[in-house]
Each structure stands twice: as structure tokens, then as C-alpha cells.
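Contents: one structure, followed by commentary.
The values are calculated or read from the model by the stated rules, or taken from the named source; none is laboratory data. Only a predicted model underlies this, so the values are computations on that prediction, with no experimental measurement involved. Cβ sites come from the backbone with ideal geometry, for glycine too, and all protein chains shown count toward neighbours. Just the protein is used for accessible areas: all its heavy atoms, side chains included, with ligands, DNA and RNA removed. Shrake-Rupley method; radii C 1.70, N 1.55, O 1.52, S 1.80 Å.
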Amino acid sequence: MSESRTQVAIVGAGPAGLMLSHLLHLRGIESVVLEARSREDIEATIRAGVLEQNTVDLMVETGVGDRLKAEGYEHHGVEFRFGGRGHRIAFDELVGRAVTVYPQHEVNKDLIARRLADGGDIRFGVSDVQVHDHLTDRPYLTYTDPQGNPQRLDARLVAGCDGSRTSTRGLIPEPQIRTDHFRQYPFAWLGILAEAPRSSEELIYARHERGFALVSTRTADVQRHYLQVDPDDDIANWSDDRIWSELHARVDGEGAEIKDGRIFEKSILQFRSFVCEPMQHGNLFLTGDAAHTVPPTGAKGLNLAVADVFVLARSMDEYLARGDRARLDGYTEEVLPRVWRAQHFSWWMSSMLHTHPGNSPFDNKRQDAELDAVTRSVAGRTLIAEQYTGWPLV
Ligand code: PHB
């Protein structure tokens, strides 16, 4: 068995693990990132696309924002569509903030490039990662490297940044120590990527009696759109023609028209809300999707992961540099309020905009009235704008 040592062992090279490693490096703390997938895979997998102002600011301030600034698209508002009309939430006027459309795999590319340029240690393609002795001062990980050799990595602290299919979460015993809060939804999203011109300058969240639709974008030539579908639906039921005609039916109207193109990716995404508490067990700390999942409405997932590691990097620094554990042991309490606000916001957006199977006519009228009330009130639009653009990190 070959052995190596670092200060912080990080499981997972998604945005959470990579950003944590980057922030620790800027604080003079060494880390090693272990990742089951290949670099190519991580740099190509299509995930979220909307960065809050905080995430953008943090990337720019820490020197990984050049491509984001050059290639990302700043959005100063979004449109809520219902009753065949658009209702704009003007982020700039309401809260003086914006969001940026820049795909998650591009964030990964920028962070990987920067970590490697800074001499960072990311070990891709490893398997059988196991965390040992995380309740002691000498935790260590064992894993198998891509050549099949057993390896051991000693560390002082361990971060579980391994996404919603996490193996690290399971180290916090449930129910003795860990409580899982889980919510399933009676709908899912069919997501497409298409070579097509932009249908709209800003994202459109459309409520329609046929179901919700979201008009998003990736670049000038590649668009990302979603349709609410049944969670048990099969992608084989959705021909390209059917997808386009459904998008037209749910979105087209006064001031909006979907522009068709060639669909090159389509899949069904399940919807769930999940939070585990606590997010720490001894010297193991969970971040991002390893600890919590939001439904995609409102695009909070990646941003929450970044907010977690922003706090965690500072707390790890206080401990490793000065031996002060107070903040580290308060990690869960420090980050959970934001996690729950984001849970609320994603749930609220989802509940306002989707059709709910089994709703009575009263429920549907009430839902229409809620959207009407929220979008016609400056206070209502401001609440959406504040939550959509995100709460400041500090
Ligand atoms: C996306 O572009 O993937 C996206 C945008 C906004 C959302 C969810 C997903 O609320």
C-alpha cells in the first residue's frame, strides 16, 4: 500500500470539492481531491447553469472568473408567464443584483485548470474510496488508484463533496445522529439541449394548464429547455416533434415564441428535496449535494454547494492555523439556515408554477391568484428577486 499525507482529504471533484480545494489553497492549506470519474467526464457532464451573484463574485475575487466574465451571460431579470402573458421580475431594479448563465461543467473546467496550475493534487478515476477513523484526530482514506494499486491518504480533516449519490453521508449514523428530511414531488422535468437560436433574452418560467415549462439557454446557439412531465413517464414517449409542440403550447403567446432546432440531448430529471442534519460527524464534513438536494426550480443547487465550502474553508483555516475548533464545530448551524431558505424557495417556486395532479378547481384558482398577487406586488417581486439572486455569503 502506498501512502501519502495532506491536511484536508476531499472526496469528490465537482464544484464543491474543487472550490473547497481552491479556497483552502488560497489560505495556504494543502488538500488532495479524490474523484471516481475521469477528468473528461467531469468537464463534459451537463448539469445546472445559473450562478448567483455571490458565486460569480467569489469566482472573480479568487481568480477563477476570467472565462466566466468573458463567456457567461448576465441576466438582469426573469419572466414568469401565466395567463398567456409575461410578468418580469427585474432583478436589477428590485435588488441591484444579477445572475449569470454559465454551465456547471465550465465551472469545473476553470477550477480544475486553476488547481492544476497552482500545483493542486486531484486524483481522478479512483475507486473503493473509504473514510476511516473520522472520529479521531487522525482520519485516513483508503482507495484504489486507476492502475489497481491500493492507496492510503492520511489527513487531519475530511470533506465529503461527493454529490447526491454520496458514500460519505452514510458514515453519519442514521437515525442515532443523522436525521434525513426528504420530500418527493408528483412531477419530474424533461430537459433538452438543442441547437437553436435563443427563444428569449431572459429565462421564462411558464405556468400552463398543460404543465410547467422553462425556457433557458446555454450559449447563443445552444438552448436548454424543460417540460413538466409525470415522474413515471418514459423518455421514449417523447419524440422531438412532441417536445417542440408541447413547448409551443405551454410558452407561446403575447411577447414569446419558442424557436425550434435540433435536439441533441434529452432526459428526465427526478424532483426531490432533501436535507440531512447534522452535516458534520467528528472530522468529516459534508457539503453540497452530499448533504442536501433541491429541485431544480430556482437553480440553487450549485450555489448552495459554493456557499457551504466558502464557510467550511474559513472554519477549517481557523482550526488548522490556530487550533480553534469553535467555528468548525459550528459548521452545521452556520450553513443550515441558508440551506433551508433555499429549500423553501425551490419548493415555493415549484409549487407556484407546476400543475399538481389531483388539484381541485379551487386549488388551481388559488394558485393562479398566488402568482398574480406575488408578481403584481413590488414587495412580492422583490422577495423573488432577493431569493433568486441569492443571499450574500458573509
Ligand atoms: C438550466 O438552465 O439548467 C436551469 C435554469 C433555471 C432553473 C433550472 C435550470 O431554475
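Couple of notes before you dig in:
- Matching residues in the range 174-205 - criterion: being open to solvent by 10 Å² or more (accessible area, probe 1.4 Å) and part of a strand (DSSP E or B): Thr179, Asp180, His181, Phe182, Arg183, Gln184, Glu195
- Among residues that are within 16 Å of the ligand (Cβ to nearest atom) and touching a Pro at 6+ places or on another chain (Cβ under 8 Å), Tyr205 is not included.
- Set Arg314, Arg338, Arg325: member being under 19 Å from the mean Cα position of the chain (by Cα) and basic (Lys, Arg): Arg338
- Scanning the range 36-62 for residues that are open to solvent by 40 Å² or more (accessible area, probe 1.4 Å), within 16 Å of the ligand (Cβ to nearest atom) and of a type in the set (D, E, K, R) turns up just one, Arg47.
- Restricting attention to the range 373-394, the residues that are without any contact (Cβ under 8 Å) to a residue 12 or more places away in the chain and surrounded by 14 or more Cβ atoms within 10 Å (Cβ to Cβ) add up to 2.
- Any hit, the range 103-121, residues being assigned to a strand (DSSP E or B), open to solvent by less than 40 Å² (accessible area, probe 1.4 Å) and at pLDDT 95 or above: no
- So Arg262, is it open to solvent by 70 Å² or more (accessible area, probe 1.4 Å), touching a strand residue (DSSP E or B) at 6+ places or on another chain (Cβ under 9 Å) and either within 14 Å of the ligand (Cβ to nearest atom) or more than 18 Å from Pro357 (Cα to Cα) (or both): yes
- Qualifying residue in the range 68-77 (condition: among the acidic types (Asp, Glu), surrounded by fewer than 17 Cβ atoms within 10 Å (Cβ to Cβ) and within 16 Å of the ligand (Cβ to nearest atom)): yes
- If the condition is being hydrophobic (A, V, I, L, M, F, W, C) and part of a helix (DSSP H, G or I), then the range 91-102 contributes Phe91, Leu94, Val95.
- Filter result (part of a helix (DSSP H, G or I) and more than 16 Å from the ligand (Cβ to nearest atom)) within the range 289-305: Ala290
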